[in-house]
Amino acid sequence: GMPSPFTSPSVGAAITGTIMVINVGGSSLSGVEVEVVLPEEMANFSSAAPAGATAACVGTFTASSCAPGERLVFTVGTLAAGTDAVLTFPPKVATGIAAGTMMAFEARARATGGANVAVRDTVRVTP
């Protein structure tokens, strides 16, 4: 499972992005990765900012920052049965985004052997 509650941000405000990946199965999972598609309404943030697992932004821009449209990939590795990993990242709402705009975050967790779970969450930009 991957519940991902977000706060409702105003323009220029940071969003607290939190993803919890839970191994609800009876055996250990290996090769666990979580990939987040970053929304176009987001401002760049440092690729050093994500926490909870080794993270890197994958896309066409610089390695030192995460940009809109890129994929943020967390490499969790092994997740024992019944355990979880809490992953965080701090996108901000880009300047010029209108209040009421919905920002969508899509995340997908994968593991060796074919485990694959997707979740989508949205936040509304407040005035």
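Structure notes:
- For the pair the stretch 66-81 and the stretch 19-56, the centres of their Cα atoms are 3 angstrom apart.
- For the chain, the solvent-accessible area of protein heavy atoms averages 48 Å² per residue (probe radius 1.4 Å; ligands and nucleic acids excluded).
- With every protein chain in place, the stretch 1-98: carbon and sulfur % of accessible area (1.4 Å): 58 percent
- (1) 29, 20, 11; (2) 27, 15, 11; (3) 31, 15, 11, with the label sought being that of the calculated semi-axes √(5λ) of the Cα gyration tensor in Å: (2)
- Label reach from T112 (point 7 Å along Cα→C-beta): in the stretch 63-84, amide nitrogens under 17 Å belong to 75-81.
- Under Stokes-Einstein, with the Kirkwood radius over Cα pairs as Rh, the value for the stretch 64-110 at 20 °C and 1.002 mPa s is 155 µm²/s.
- Gain upon complete extension [S28, T95; 0.36 nm per residue less C-alpha separation]: 19.8 nm
- Size of charge dipole - the chain - debye, nearest 20, with Cβ of Lys, Arg +1 and Asp, Glu -1, no other charges: 60 debye
The values are calculated or read from the model by the stated rules, or taken from the named source; none is laboratory data. Remember, it's a predicted structure, so these values are computed and weren't measured experimentally. All Cβ positions, even for glycine, are placed from backbone atoms using ideal geometry, and neighbour counts span all protein chains on display. Quick note on the areas: whole protein, heavy atoms, side chains included, nothing else; ligands and nucleic acids left out. Shrake-Rupley method; radii C 1.70, N 1.55, O 1.52, S 1.80 Å.
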